[in-house]
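The values are calculated or read from the model by the stated rules, or taken from the named source; none is laboratory data. Since the model is a prediction, treat every value here as computed from it, not as a measurement. Methodologically, a virtual Cβ is constructed for each residue, glycine included, from the backbone with ideal geometry; neighbour enumeration extends over all protein chains shown. What goes into the accessible areas is simple: the full protein's heavy atoms, side chains included, and nothing from ligands, DNA or RNA. Shrake-Rupley method; radii C 1.70, N 1.55, O 1.52, S 1.80 Å.
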Amino acid sequence: MKKFVLSLIAIITLCCTTSFAQKAKHTFEIKNGSFLYDGKPIQIHSGEMHYARVPHQYWRQRLEMLKAMGLNTVATYVFWNYVETAPGVWDFTGDHDLARFVKTAQDVGLMVILRPGPYACAEWEFGGFPWWLQKTPGMVLRTDNKPFLDSCDLYINKLAEQVRDLQITKGGPIIMVQAENEFGSYVAQRKDIPLAQHKAYSATIKADLLAAGFDVPLFTADGSWLFKGGTIDGVFPTANGEDNIDNLKKAVNQYHNGEGPYMVAEFYPGWLDHWAEPFPKTSATNVAKQTKKYLENNISFNFYMVHGGTNFGFTSGANYSTNHPIQPDMTSYDYDAPISEAGWATPKYDSIRAVMKQYVAYSIPSVPKAIPVIAIPSIHLNKSVDLFKGIIAHIQPVVADTPMTFEDLNQGYGYVLYRKHFTQPINGTLDLKGLRDYALIYVNGKKVGELNRQANKFSMNIDIPFNATLDILVENMGRINYGSEIIHNLKGIISPVTIEGNEITGDWEMYKLPMSETPDLSRQENSYTAGNPVIYEGSFKLSKVGDTFLDMSKWGKGIIFVNGHNLGRYWKVGPQQTLYLPGCWLNKGNNTIEIFEQQNDVKQTEVSGVITPILDKLNLPQEDKK
């Protein structure tokens, strides 16, 4: 018996040792000025795609497209608010299943670079931060602040539970992990905070990552002129957007013991897109030339983005500028990237692939087939429900002396209707300096105007008669994701409402419309009022499924649900005029659609799916044209 037990122990030990040896068969390190994979110098040829912007059913196809372009690595952000969907509620399933994405990348034959933040930017809602952090007493974002750092530590540990064992040190494909993101930019913008305090914060993020079990090389990513604020002691520095190799080497050498390796962590083959602004495009020829330059000079790189994907639902963020206090990001995150929003190879893709084939030693596979595309000539909308008559009537409002923010209402996204009854007439200038971000104004159920933070339109003339009701339907267009203004991200109406200088107080009613799921119209009767926000409903049958693009060029502004999936915002100002509908969200047979149309200037009876997206057609109001 004793011999049997000893033999059994020996077998188990052997099996465990063999299993470990099979898992830990590769190594990656930064040493002697090089990236070393299994002890041999390599060049990282990476492309960025964010798993959160692509349905999980399409991850493999997109990753295969990336590899077929000649790349050996994929980089992805992890958005904190995508995995912690409500305070203390963590979701790593379905489209949120980061571990599955990483394993799929390994199956495809790609290394993985993980960018967990906790700040991400990326034109994503609030740069990835959960909206409710703003409600925590004493919390200050992106600094050496205990409430914030405690939250970061919790997030990092929850994330580590999912991917700690998928690092290359454990047999997985993750070769590097980023600490914070573009922190040098924030340091430059927040000179009111001492550099030592900035450095204490970023050092704590590094320590949290290490303590959570991340044992692959850590890195930072900043403009090369911002390394002083962005680098962290003992962490490998990379540069964003640096096309000058001498500048790159000089900056890295200064902060990395006088040696490489050298990497451009964000090499831009396209650029980000805002509503009401021209769609930017980048020359395929120029991108191919810069790729060649990096390859010839042993510069590692990461295309940001190689495939942009889509800001489904309310996930798009916003920027700001001197002329615009907010620049909401479009639903499409096509980015003019080499792989289009729908996963297609573009001329830019072909140009880069041709260059890669000239320089890399490994074999490049053939380009995979594109996902099928279908047209849907007409989807009949057979029901409409007036928001005021059908939906608001069944919601219990929150009542307060002054308008409350989304955050005070414990609502992160969507819409809030602010209602005020007047017992006396009043007229003059309605001023909503605290509008965040877009509002339609109604008096006694009739639309009288539009206010828009993006267009700097915060006031209008108004005439409210005796015994009248003022309705203000406010939309959150996405929280700012970059820059010093990220700390000012409350939504709704955040300061007093005035008419002709008089503050309007007393018995404000707030009706919460988060639109977090498809509105239930089953108990609603048909209703329609011209100019009032309306929800249209329809159904359609398909004999085959495929990707399509819903043509919203004749509509106003709103969101669309198909089979329970929120496709995101549309807005007639453009330049995006279509919404991407992935075929994996469609059914052979019956399908449902609901469209929340806010402006409702034209009564609609149908919508169609086309086979080509429209992403570059501006349609600005005359007064907004510059």
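Given the condition open to solvent by 50 Å² or more (accessible area, probe 1.4 Å), touching a residue at least 60 places away in the same chain (Cβ under 8 Å) and touching a Lys or Arg at 6+ places or on another chain (Cβ under 8 Å), answer yes or no: does some residue in the stretch 82-89 qualify? Please lay out each step first, then the result.
Quick first cut of the stretch 82-89, residues open to solvent by 50 Å² or more (accessible area, probe 1.4 Å) only: 85, 87-89.
Among the residues that remain, those that are also touching a residue at least 60 places away in the same chain (Cβ under 8 Å) are: none.
Taking every residue of the stretch 82-89 in turn, none turns out to be open to solvent by 50 Å² or more (accessible area, probe 1.4 Å), touching a residue at least 60 places away in the same chain (Cβ under 8 Å) and touching a Lys or Arg at 6+ places or on another chain (Cβ under 8 Å).
Close Cβ contacts (under 6 Å, 6 or more residues apart or on different chains) running from residues in the stretch 32-57 that are over 30 Å from Glu125 (Cα atoms) and of a type in the set (Gly, Ala, Ser) to residues that are at pLDDT 95 or above and surrounded by fewer than 18 Cβ atoms within 10 Å (Cβ to Cβ) comprise Gly33/Glu259; Ser34/Pro41.
Residues of the stretch 152-165 that are under 18 Å from Asp91 (Cα atoms) and either touching a His at 6+ places or on another chain (Cβ under 7 Å) or not aromatic (Phe, Trp, Tyr) (or both): Cys152, Asp153, Leu154, Ile156, Asn157, Lys158, Leu159, Ala160, Glu161, Gln162, Val163, Arg164.
Only residues that are closer than 23 Å to Ala530 by Cβ and in contact (Cβ under 8 Å) with a residue 60 or more places away in the chain were counted in the stretch 383-399, giving 11.
Selection of the stretch 577-626 for residues being open to solvent by less than 80 Å² (accessible area, probe 1.4 Å), among the charged types (D, E, K, R) and part of a strand (DSSP E or B) yields Glu594, Glu597.
Take Gly574 and tell me if it is part of a strand (DSSP E or B), modelled with pLDDT of 95 or more, at positive phi and under 20 Å from the mean Cα position of the chain (by Cα). Spelling it out, it is not the case that Gly574 is part of a strand (DSSP E or B), modelled with pLDDT of 95 or more, at positive phi and under 20 Å from the mean Cα position of the chain (by Cα).
Counting only strands (runs of 3 or more DSSP E) that fall entirely inside the stretch 358-442 and contain at least 1 residues that are closer than 25 Å to Gln327 by Cα, the qualifying elements are 415-422, 426-431.
Could you check, for the stretch 130-142, whether at least one of its residues is closer than 21 Å to Gly241 by Cα and part of a loop (DSSP other than H, G, I, E, B)? Show your work before the answer.
Here is the first cut: in the stretch 130-142, the residues closer than 21 Å to Gly241 by Cα are none.
No.
For Glu259, all conditions in the list (1) closer than 25 Å to Val177 by Cα; (2) outside any loop (DSSP other than H, G, I, E, B); (3) open to solvent by 10 Å² or more (accessible area, probe 1.4 Å) hold save one; what is the number of the exception? For Glu259, the exception is condition (2). The condition (being open to solvent by 60 Å² or more (accessible area, probe 1.4 Å) and among the hydroxyl-bearing types (Ser, Thr, Tyr)) is satisfied by just one residue among Tyr442, Tyr482: Tyr482. Consider the stretch 485-515 and keep the residues that are among the small types (Gly, Ala, Ser) and within 24 Å of Gly317 (Cβ to Cβ). The one that is least open to solvent (accessible area, probe 1.4 Å) is Gly492.
Selection of the stretch 146-189 for residues being among the charged types (D, E, K, R), at negative phi and surrounded by 17 or more Cβ atoms within 10 Å (Cβ to Cβ) yields Asp153, Arg164. Annotation note: of Thr291, Thr238, Thr282, the sole residue that is assigned to a helix (DSSP H, G or I) and either within 30 Å of Thr578 (Cα to Cα) or among the hydroxyl-bearing types (Ser, Thr, Tyr) (or both) is Thr291.
So which residues in the stretch 557-571 are surrounded by fewer than 18 Cβ atoms within 10 Å (Cβ to Cβ) and either within 23 Å of Gly478 (Cα to Cα) or of a type in the set (A, V, I, L, M) (or both)? Show your work before the answer.
Keep residues of the stretch 557-571 that are surrounded by fewer than 18 Cβ atoms within 10 Å (Cβ to Cβ), which gives 563-564.
Scanning the stretch 557-571 gives a single hit, Gly564.
In the stretch 327-339, how many are in a loop (DSSP other than H, G, I, E, B) and either of a type outside the set (S, T, N, Q) or free of Cβ contacts under 8 Å to residues at least 12 places away in the same chain (or both)? The total comes to 7. For the stretch 516-543, enumerate the residues that are within 27 Å of the chain's Cα centre (by Cα), open to solvent by 80 Å² or more (accessible area, probe 1.4 Å) and among the hydroxyl-bearing types (Ser, Thr, Tyr). Selection gives Ser516 alone.
What number of residues in the stretch 445-468 are outside any strand (DSSP E or B), under 33 Å from the mean Cα position of the chain (by Cα) and surrounded by fewer than 18 Cβ atoms within 10 Å (Cβ to Cβ)? I'd like the intermediate steps shown before the answer.
Step one: of the stretch 445-468, the residues outside any strand (DSSP E or B) are 445, 453-456, 458, 465-467.
With under 33 Å from the mean Cα position of the chain (by Cα) added as a condition, the list becomes 453-456, 458.
With the extra rule that they be surrounded by fewer than 18 Cβ atoms within 10 Å (Cβ to Cβ), the set shrinks to 456, 458.
Residues meeting the conditions: 2.
Matching residues to (1) assigned to a helix (DSSP H, G or I); (2) at pLDDT below 95; (3) buried (at least 20 other Cβ atoms within 10 Å of the Cβ):
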| site | (1), (2), (3) |
| --- | --- |
| Trp271 | no, no, no |
| Pro278 | no, no, no |
| Leu295 | yes, no, no |
| Ser321 | no, no, no |
| Lys348 | yes, no, yes |
| Ile352 | yes, no, yes |
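Per the listing Ala221, Ala196, the residue uniquely open to solvent by 10 Å² or more (accessible area, probe 1.4 Å) and at pLDDT 95 or above is Ala196.
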